[in-house]
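All remarks here apply to the structure that follows.
The values are calculated or read from the model by the stated rules, or taken from the named source; none is laboratory data. Computed from a predicted structure; not experimentally measured. Neighbour counts are summed over all protein chains in view; Cβ atoms, including those assigned to glycine, are modelled from backbone coordinates with ideal geometry.
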Amino acid sequence: MEGLASLNTATRVAIGVGPSLLRDKHFAKSSPPPSIAMINHNSPRLPSIRAQQSETSDGASTVTAVSESPENTLKAKEWEVGMLQDEVAASQGIRIRRRPPSGPPQHYVGPFEFRLQNEGNTPRNILEEIIWHKDIEVSQLKERRPLVTLKKALDSAPPARDFIGALRAAHARTGLPGLIAEVKKASPSRGVLREDFDPVEIARAYEKGGAACLSVLTDQKYFQGGFENLEAIRYAGVQCPLLCKEFVIEAWQIYYARTKGADAILLIAAVLPDLDIRYMVKICKMLGLAALVEVHDEREMDRVLGIEGVELIGINNRNLETFEVDISNTKKLLEGERGELIRQKGILVVGESGLFTPDDIAYVQEAGVRAVLVGESIVKQSDPTKGIAGLFGRDISV
């Protein structure tokens, strides 16, 4: 949609949405966001003003001048950085956008500020919706707990435990994949999995049943989890190392998880560009955390295998865009040269999603996994301890 904007001052402005916009030969080359072009080159000294766009019934747009604030200028700069991040991510095949492409509620172009709303502000799938919400959530949390305070809190955090070592030891003991049992109340695709949800009691039952490690959902809005669950399990005397199952988009979240007692954290290749993964893996090593880097397809696997320092890769058989599950995805990603490279690097592979029976476990183990992450098929059982025995076809408890 294109429209002319009117302003009750001597300054004339033209606004457009989309790549084929009105372009002024004096301005177009220097216009920051490519989605807006404006004509404003006749005034030698413009005051510090901004303009707010609204649409009239005839399709035209109106721009109202208001005063500029440093806070909104900062938001505009953050939006520009975010757009650059999304461009880099897209070049690596990442389809999940970090935030709505139309920018923050208000952003600047030259001396004017605009509010844009269009179809681009609708998430394309559930994972993108979660990430957009997480971006806002993390921004709010960072204001309350700046990174400097988290670094101080690390001194009183419980010591990190060997997550990968626990999985290798379980595999050596049982001859079966080491189990990461997931403490999860709900999911966007399945709804509430367990009404009588007591995270500590479930964690204890998993440990009793032979789980090597635990995964704890910390997302509240979509999975009804929380960091309080992670903290409660850690301080309840459960010995299994804990994976913080979170949608990580910033390094701040890694520090936060460590202060809450996490021993490992999830990094999703469908969301994070290579540079972010490389940087976050280094931070995890510095903090003593394991980084479970999750992939879904061949391109993501190739990207992750090219990153130095990755020791733990999870293959998710669930398409996080459609939520469809196919456990043959694990075999496909571990065949041929990829599987050989994984063995050469000594990477431990975790099978994730769609694992409900001993045959499922045997299938992914034969494909090359040495650990599995399982939630739904055991958390729904009235006795999770027996659920683990049923999943593996025998008792794997110590």
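Any residue at all in segment 339-351 that's assigned by TED's automatic domain parsing to the domain that holds LEU312 and modelled with pLDDT under 95? Within segment 339-351 (the criterion being assigned by TED's automatic domain parsing to the domain that holds LEU312 and modelled with pLDDT under 95), the answer is no, since none of the residues qualifies.
Of all residues in segment 355-376, those satisfying the criterion of being in contact with a helix residue (DSSP H, G or I) (Cβ under 7 Å, 6 or more places away or on another chain) and buried (at least 18 other Cβ atoms within 10 Å of the Cβ) are LEU355, ILE361, VAL364, ALA367, GLY368, VAL369, ARG370, ALA371, VAL372, VAL374. Note on segment 188-217: residues that are farther than 20 Å from GLU246 by Cα and under 22 Å from the mean Cα position of the chain (by Cα) total 0.
Is it true that ALA270 is buried (at least 19 other Cβ atoms within 10 Å of the Cβ) and touching a residue at least 60 places away in the same chain (Cβ under 8 Å)? For ALA270, the condition - buried (at least 19 other Cβ atoms within 10 Å of the Cβ) and touching a residue at least 60 places away in the same chain (Cβ under 8 Å) - is met.
Those residues that are of a type in the set (D, E, K, R) and either within 20 Å of SER139 (Cα to Cα) or outside the structural domain of ARG161 (by TED's automatic domain parsing) (or both), I need them from segment 268-289; list them, please. Within segment 268-289, just ASP276 meets the criteria. Has segment 266-282 got any residue that is out of contact with any Leu (no Cβ under 9 Å at 6 or more places or on another chain) and more than 19 Å from ILE94 (Cα to Cα)? Yes, some residue in segment 266-282 is out of contact with any Leu (no Cβ under 9 Å at 6 or more places or on another chain) and more than 19 Å from ILE94 (Cα to Cα). LEU287 meets each of the listed conditions (1) modelled with pLDDT under 95; (2) under 25 Å from ILE249 (Cα atoms) apart from (1). Screening segment 175-207 for residues that are of a type in the set (Asp, Glu), modelled with pLDDT of 95 or more and not in a strand (DSSP E or B) and picking the one that is surrounded by the most Cβ atoms within 10 Å (Cβ to Cβ) gives GLU207.
Each residue in segment 224-267 was checked for being farther than 19 Å from LEU214 by Cβ and either assigned by TED's automatic domain parsing to the domain that holds ARG99 or hydrophobic (A, V, I, L, M, F, W, C) (or both), and 3 of them qualify. Within segment 366-391, the residues that satisfy the criterion of being at pLDDT 95 or above and touching a strand residue (DSSP E or B) at 6+ places or on another chain (Cβ under 8 Å) are ALA367, GLY368, VAL369, ARG370, ALA371, VAL372, LEU373, VAL374, ILE378, ILE388, LEU391.
The single condition among (1) of a type in the set (S, T, N, Q); (2) surrounded by fewer than 22 Cβ atoms within 10 Å (Cβ to Cβ); (3) touching a residue at least 12 places away in the same chain (Cβ under 8 Å) that GLN220 does not meet is (3). Residues in segment 123-174 that are assigned by TED's automatic domain parsing to the domain that holds LYS221, of a type in the set (Val, Ile, Thr) and either more than 24 Å from ASP263 (Cβ to Cβ) or surrounded by 15 or more Cβ atoms within 10 Å (Cβ to Cβ) (or both): ILE164, THR174.
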